[in-house]
Amino acid sequence: MGTATGIIRALNSGIKHLAIKRFTLRYPEEKLKFVGDGYQFDPSTGVGIAGLKGRHLLFHDHCTGCQLCSIACEGVAEAIAMVKVPEEHKHNKKAIMPQIDYGKCVFCGLCVDACPFYALYMTNDYELSSFSKEGLIYTPAQLQVKPYVQQDSEIKITDRGASHG
Amino acid sequence: MLKDLVTPENANVFVGKLGDILEKAIGKPLGYAINWGRIWSLWPVHIETACCSVEFGAASSPRYDVERFGIIEAFGSLRQCDLIVVQGTITRKMAPRLRLVYDQMPEPKYVIAMGACAITGGLYFDSYNVLPGIDGVIPVDVYVPGCPPRPETLIQGCILLQEKIKRMKARTFV
Amino acid sequence: MSSDSETSVDAESEETPVVKKPEEKQVELPAFEKGISDKIIEKFGDKVYVTFVKEDRVGIGTSRENVHDVAEFIRDALNYDHVESVSGVDYPQDKEIEVVYHIGSYSDPSLARQILALSTRAQREENPIPGNDATKLPTLRDVFYSVEFHEREVFEMFGVYFEGHPDNRRLLLPEDWADLPPLRKDFTIKGR
Amino acid sequence: MTTELPTTSEIQIDKPSLNWLPPGLGLQKVDERIMTLNVGPQHPGSGHMRLIVQIDGDYIIACDPDPGYVHRGEEKMAEYRNYILNIPHLERPVIHDSCNVLYPYVLGVEELLGIEVPERAKYVRVIASELNRCIYIMYWLAIYGIFLGHSTMFMWPAGDRELLIDLMEKMTGARVTHAHFVPGGVRNDLPPNFEEVCLRQVNYFEKRIKEYAAVFYDNPILISRTQDTGVLSRQDAIRLGTTGSVLRASGVDYDLRKKEPYDVYDELDIHTNVMKEGDAYARSKIPWLDMMESCNIIRQALQKMPKSGSVRVKLKPNPKGKVFDSVYKRVESGRGSLGYYIVSDAKPEPYRLKMSVPSFRNLIALPYLLKGEKLGNMPSVYWSLNYWPVEADR
C-alpha cells in the first residue's frame, strides 16, 4: 500500500467518526448505573453479592461491637477504628462501633466479608472528596445514613456506536 | 486647579491615592475576573508518581473528559502549570523530586492529593519506603479518596477546587 | 466459621502449631523431572543435593564453590537458557542467606513447562557491611545474561555481594539508604 | 552462546562520527561532545522512572535506567500479613491488570494449602483474567499513542476500554482494583444476565479494535516511526530472558497459557501470536492481536462455563502452609509470564514472597535496544517494551 493511500485511509476512518454518537458521560448531571445497591456479603453461604464497592453503610441495630471488621482492616489499611457510641443498643453491649477513615480506606470490601452479623454493607456512593482530612473520617452516625443516589445512565450499544443515552 | 494642587513634592502621594481609589473601584470585579479565568484553565503538571495515574488517564478519556471543566490534559511545561495532582504513593526517593517540581511552578498553584496513598499512606502505612501522606512535603487543597479514586470522584474533587478558588482572594498572588 | 479467614487474632487460634517433620513416605516422583535431577547428580555426585522434585519443578542445591560449574552444566548440557528470577531467602537461625535462581528454557520445547530452582547459600553476617563482609557469592552473569538486574536487586535487598558482577550498584532503594538491607529478617518495619 | 554480551553499563557503539569533532567549537576531545540527559521522573515520556541517556548529537550511545521511584516494599510487607490480607496489597503493582497480577499468588497459595477450586470459579477467573488483559493492553495502547504523538490513538483505546471496565465493574464492584480472586475461588458470583451483556459488549469491542488497523497499524507515518527501530534478535531475546510480547515479537513461540496451562486453559482453544521482526512495530502489534485472541477465549469460556454451582470454597480462619514448603507459580499476564515464589513455614504469614515480574525482566533489554537509536525513537522503543514502572519497582 502506498503512503498516500495509507494516510487517506487513516483520515477517512477518523472522519467517519464524525457521524457517530458522542460517548461522553456528562458526569455531574448523569451518573452511571451499577448492579444492585452495592457490595454485600452473605455469611451463611460465604459468597458475596455483586455490587459496587463504595462508601459503607452500617446498621446500628445489627452491630454487636465484635471488632472483626477492624481486625480485618488492621493488615490492609488500618482505616477502621472502634469508637464509643453514646446510645445503648440491645445487641451492642460494648457500645463500640466502627468509624471509617476514607483517607485510608482502599474499598477492598474485606471488612464486609468479615462481618458475620449482616451489619456492614457497601453502597453505591463514591462522591467523597473533601477539603480536609477530618472531613474524610465518617463516624458511626454518618455511616448509618443511606446515601441518596440517583444513578440511571447506562451504556447503550447501537449500530451507530456506544453512548450513554 | 488640579495643576496647582499637584506639585513635584506631593506627586507621589497623589498617584498613590489615585491607585487606591482605582483599586477600591475595580479591585473586586477584577478579582472575580481573575478567579474566573483561573478556574476554567487549570493546567495540571504531568507528574505520575504511582498507579493512580491510570485513573487520571481515564478521567481525560472520552467518557469522563475533564477538559469539559477546563482542566486541560497534562501536556504543557511545568512553568505554565498551576495544578499538581499527586497521583498516588510518594516514596522516599520521589519526595525530593515532588518538592522540586512544586517549587518550580509559578504562583498561584493548587494541589490535589489523589488516592489513599497520597492522603495518609493508605495501604503502605507500615512500609519502609513510603511517606505517610504528602502533607509534610507540599500543602494540599483538596483530598480525593479512593484506591484509586473513580474518575467521577476526581472530577468532583476538581469541582470542589474550583469552588475553593472562587472563594479565594485573587490578589494574594498578584 | 462463616466468614472468615480474615480474622487474625492470636487469641482465636487456640490450637498450638504442631511442628511436624516432612513426611518421609515414598511417593511416585514424576519421571521426566526425576531424569533431569538424575543427570545433575550423575555429573556432580555429592557436590549437589536435590531439594525437591515436583511436577514441572526441580530443586537443586549446591555450595557456593560449585554453583558456577553447576550453572554452566545446566546451560550447556540440559538446554536451560534464561533465569526468570533470583530471590534471596534469609535464614537467621542457620546464619545463612539462600539465593535461589529459577531457571527456565525457551529454546527447548520439551522443557517449556519446567523450572529448575538452583539454590546456593552464602554466609550471613550479624552486622552487615554490604560489599565488604563475608556475604559473598560468585556471580552467574557470565553464564546467564538475564541475572544482571536481578543480582543487583539481591545485593541491595540482602547485602549479598556477587563477586565478578560487573555492575554492583544500587537499583531500587533511595540513594541515601543507610539502614540494614531491608529484606533481611532482622530489619523490622515500624509498628510490627 | 557464542558472542559475549557487554553489560548494560559497558555498551558502546562504533560510529565513525564519534571520532569527528565539529570545527570552530574549540572541542579538544570526543568526550566533550557527549551530553548526558536525564529523562524523568517528571517527564511525559518516562512515567515514574528515570533514564540517564548519553547522546552524541542525535544518537543515543548509552542508556542507564534508574527505576525505584515507586519502590514500596511489597515483598517485605507481605511477610507480616496472612494469606488473605495480602490480596489487596499484591494487586497494587499493576492496578489495571490486577486480576492477572494476583492470579499466580492465588494459585500458589492453593497449592500450598491443598485447596481444590470449584469448576465454575475457574471459568469466572479465566473470563476476568482475559477481560483484564484487554483492559491493560488498551491502556498501554493509549499511552503508546501519546508517546508517538497520535492523539486519536489515545482517545479511541481510552474510550473503548471503558466498555470492558463496565463489565469488570458489574462483576467485581470496582473499576480497576477488584480484589476478586481469593484462595479457593472468587469472592462473588456473576450478576444476573452477565453472560448476555458480556457477549454483546465483547463483540462490539472486537469490532472496534479491528478499526484500529486503518488508523494506527497500517498508517504509513506510524510504520516509518516504529519499523526497524530497536531490533531485538531472537537469540538476544532468549539470552536476556525477556518475556511476553517482547519475546513473541522476536520469533519465540512461548505463551504460558498454552505451554503450561493453569486452571481451565487446557480446555480452551488458544492461538499464540508470533512475529519474527523483533522491532518496535512487531512489539506493538502483538498485544493488539492478543486482544482479539482474548475475545475468542472469553466467548469460548462463556459457552463452556457451568451455568450454576458454587464459586468459592470455605477456608479455615488463618490458613497455614506446610513446614518449609516452597512453590513457584506463574501465569501469562498482559505483559508476559509473571511468577510468585512463596516460601511458607507453617505460619499464617508467608516466610518469604518474591514477585518475578515481567516489567523488571524486560527492563534489562532497554539499554541494548536504545544503543545507536536516535533520541526521537526513544519513546517508541521504551513503551514498546510493555514496561510498567510500578510493577518493576514493587
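The values are calculated or read from the model by the stated rules, or taken from the named source; none is laboratory data. Just so we're clear, the structure is a prediction, and the values are computed from it rather than from any experiment. Cβ coordinates were reconstructed from backbone atoms using ideal geometry, including for glycine residues, and neighbour counts include every protein chain displayed. Keep in mind that these areas ignore ligands, DNA and RNA; they rest on the heavy atoms of the full protein, side chains included. Shrake-Rupley method; radii C 1.70, N 1.55, O 1.52, S 1.80 Å.
The set of residues in the stretch B:108-141 being surrounded by fewer than 20 Cβ atoms within 10 Å (Cβ to Cβ), in contact (Cβ under 8 Å) with a residue 40 or more places away in the chain and touching a Ser or Thr at 6+ places or on another chain (Cβ under 9 Å) consists of B:P108 alone.
So, of the residues in the stretch B:75-90 that are open to solvent by less than 10 Å² (accessible area, probe 1.4 Å) and in contact with a helix residue (DSSP H, G or I) (Cβ under 8 Å, 6 or more places away or on another chain), which turns out to be farthest from the other protein chains (Cβ to nearest Cβ)? The extreme case among them is B:L83. For the stretch C:133-159, the tally of residues that are touching a helix residue (DSSP H, G or I) at 6+ places or on another chain (Cβ under 6 Å) and either at the interface with chain D (Cβ under 10 Å from one of its Cβ atoms) or basic (K, R) (or both) stands at 3.
Here's the yes/no breakdown for (1) outside any helix (DSSP H, G or I); (2) under 15 Å from the mean Cα position of the chain (by Cα); (3) within 11 Å of chain A (Cβ to nearest Cβ); (4) modelled with pLDDT of 90 or more:
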residue: B:G146; (1), (2), (3), (4): yes, no, yes, no
residue: B:E152; (1), (2), (3), (4): no, no, yes, no
residue: B:I159; (1), (2), (3), (4): no, yes, yes, no
residue: B:E163; (1), (2), (3), (4): no, yes, yes, no
residue: B:K166; (1), (2), (3), (4): no, yes, no, no
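The residues on offer are A:A19, A:A10, and the sole one that is of a type in the set (G, A, S), away from chain D (no Cβ under 11 Å) and open to solvent by less than 80 Å² (accessible area, probe 1.4 Å) is A:A19. A single member of A:T139, A:T123 is open to solvent by 40 Å² or more (accessible area, probe 1.4 Å), more than 12 Å from chain B (Cβ to nearest Cβ) and at pLDDT 85 or above, and it is A:T139.
One residue stands out in the stretch D:327-348 among those that are modelled with pLDDT of 85 or more and within 9 Å of chain C (Cβ to nearest Cβ): the one that is nearest to D:W288 (Cα to Cα), namely D:S337. Here A:K104 clears all of (1) modelled with pLDDT of 85 or more; (2) within 14 Å of chain D (Cβ to nearest Cβ); (3) surrounded by fewer than 21 Cβ atoms within 10 Å (Cβ to Cβ) except the condition numbered (3).
Of all residues in the stretch D:43-81, those being away from chain C (no Cβ under 14 Å), more than 17 Å from D:G372 (Cβ to Cβ) and open to solvent by 50 Å² or more (accessible area, probe 1.4 Å) number 2.
The rows are residues; the columns are (1) in contact with a helix residue (DSSP H, G or I) (Cβ under 9 Å, 6 or more places away or on another chain); (2) open to solvent by 30 Å² or more (accessible area, probe 1.4 Å); (3) hydrophobic (A, V, I, L, M, F, W, C).
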residue	(1), (2), (3)
A:G65	no, no, no
A:C69	yes, no, yes
A:I80	yes, no, yes
A:P86	no, yes, no
A:K94	no, yes, no
A:C108	yes, no, yes
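Among the residues of the stretch B:79-109, those that are out of contact with any Phe, Trp or Tyr (no Cβ under 8 Å at 6 or more places or on another chain) and either of a type in the set (S, T, N, Q) or in a strand (DSSP E or B) (or both) comprise B:V86, B:Q104.
Would you pick out the residues in the stretch D:181-198 that are open to solvent by less than 70 Å² (accessible area, probe 1.4 Å) and either away from chain A (no Cβ under 11 Å) or over 24 Å from the mean Cα position of the chain (by Cα) (or both)?
Passing the criteria: D:F181, D:P183, D:G184, D:R187, D:N188, D:D189, D:L190, D:P191, D:F194, D:E195, D:V197, D:C198.
Would you say D:S245 is among the hydroxyl-bearing types (S, T, Y) and buried (at least 23 other Cβ atoms within 10 Å of the Cβ)? Criteria met by D:S245. Contact map, the stretch D:100-120: first residue open to solvent by less than 10 Å² (accessible area, probe 1.4 Å), second residue acidic (D, E), Cβ cut-off under 7 Å, separation 6 or more or different chains; pairs are D:V101/D:E91; D:L102/D:E91; D:L112/D:D325. Comparison of D:A142, D:A128, D:A174 shows that the only residue that is within 11 Å of chain A (Cβ to nearest Cβ) and at pLDDT 85 or above is D:A174.
Number of residues in the stretch C:55-76 that are buried (at least 18 other Cβ atoms within 10 Å of the Cβ) and among the basic types (K, R) equals 2. With a requirement of 2 or more residues that are under 30 Å from A:V35 (Cα atoms) and basic (K, R), the helices (runs of 4 or more DSSP H) lying completely within the stretch D:159-263 that satisfy it span D:194-210.
Among the residues of the stretch D:82-106, those identified as β-branched (V, I, T) and either within 14 Å of chain A (Cβ to nearest Cβ) or out of contact with any strand residue (DSSP E or B) (no Cβ under 6 Å at 6 or more places or on another chain) (or both) are D:I84, D:I87, D:V94, D:I95, D:V101.
Restricting attention to the stretch A:7-50, the residues being on the phi < 0 side of the Ramachandran plot and part of a loop (DSSP other than H, G, I, E, B) number 21. Going residue by residue through the stretch B:64-71, is there one that turns out to be under 22 Å from D:I146 (Cβ atoms) and among the aromatic types (F, W, Y)? Within the stretch B:64-71, one or more residues are under 22 Å from D:I146 (Cβ atoms) and among the aromatic types (F, W, Y).
Scanning the stretch C:162-192 for residues that are at the interface with another protein chain (Cβ under 7 Å from one of its Cβ atoms), closer than 18 Å to C:T135 by Cα and open to solvent by 40 Å² or more (accessible area, probe 1.4 Å) yields one hit, C:P166.
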